[in-house]
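The block underneath contains the structure these notes are about, expressed in structure tokens.
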Amino acid sequence: MQGNIPPEAQETLQELQSLQEQAQQVAVQKTEAERALREAENASETLEEVDAEATMYQEVGDLLIETNYADAEEELKNRISNLQIRVDTLEKQENRVESQFEELQQELQQKLGGGVGGAGGA
């Protein structure tokens with residue numbers, strides 16, 4: 001079927017496929033960041049129920065290190081903030097890729113349909 005597609009349309013089709021792969025990668029990263037954010041928020045809610053004087057441990061690699069309430073709380077707040085920024089950034093990236101994908105789809109349709117009177121041609 002690609003033999004019937006003009007070379008410029010084939011190039012656009014390859015760009016579309018690349019953008020689709022990129023969109024899938026961004027979606028996976030966003031899902032992972034959202035999961036991590038939910039986990040951190042749950043941990044923060046759980047921490048609120050813990051006595052501030054209780055002995056606490058923080059996971060550092062394969063080790064559990066003793067910590068205090070204030071340090072644990074600060075660590076969680078920072079983690080939540082960083083993860084929220086990550087989710088927001090990935091959402092913007094996802095929207096940008098989606099927009100590029102839609103533009104390329106229209107461009108491809110114009111190239112395959114002859115592009116008669118198409119606005120903003122390449």
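Restricting to region 65-74, name every residue that is assigned to a helix (DSSP H, G or I) and either in contact (Cβ under 8 Å) with a residue 60 or more places away in the chain or surrounded by fewer than 16 Cβ atoms within 10 Å (Cβ to Cβ) (or both).
Step one: of region 65-74, the residues assigned to a helix (DSSP H, G or I) are 69-74.
Y69, A70, D71, E74 - these are the residues of region 65-74 that are assigned to a helix (DSSP H, G or I) and either in contact (Cβ under 8 Å) with a residue 60 or more places away in the chain or surrounded by fewer than 16 Cβ atoms within 10 Å (Cβ to Cβ) (or both).
What are the pairs, 6+ residues apart or on separate chains, where a residue within region 3-26 that is surrounded by 15 or more Cβ atoms within 10 Å (Cβ to Cβ) and in a helix (DSSP H, G or I) has its Cβ under 8 Å from a residue that is aliphatic (A, V, I, L, M) and at pLDDT below 85?
A9/L112; L13/I5
Inside region 29-64, can you point out the residues that are within 30 Å of K92 (Cβ to Cβ), without any contact (Cβ under 8 Å) to a residue 60 or more places away in the chain and among the charged types (D, E, K, R)?
Across region 29-64, the qualifying residues are E32, E34, R35, R38, E39, E41, E45.
Quickly run through region 76-95 and pick out the residues that are within 18 Å of S18 (Cα to Cα) and surrounded by 13 or more Cβ atoms within 10 Å (Cβ to Cβ).
Selection gives L90, Q93, E94.
Inside region 27-64, can you point out the residues that are among the polar types (S, T, N, Q), exposed (fewer than 11 other Cβ atoms within 10 Å of the Cβ) and either touching a Ser or Thr at 6+ places or on another chain (Cβ under 7 Å) or not in a helix (DSSP H, G or I) (or both)?
Correct list: T55 only.
The values are calculated or read from the model by the stated rules, or taken from the named source; none is laboratory data. No experiment lies behind these values; they were computed from the predicted model shown. Ideal geometry is used to build each Cβ from the backbone, glycine not excepted, and the neighbour counts take in all protein chains shown.
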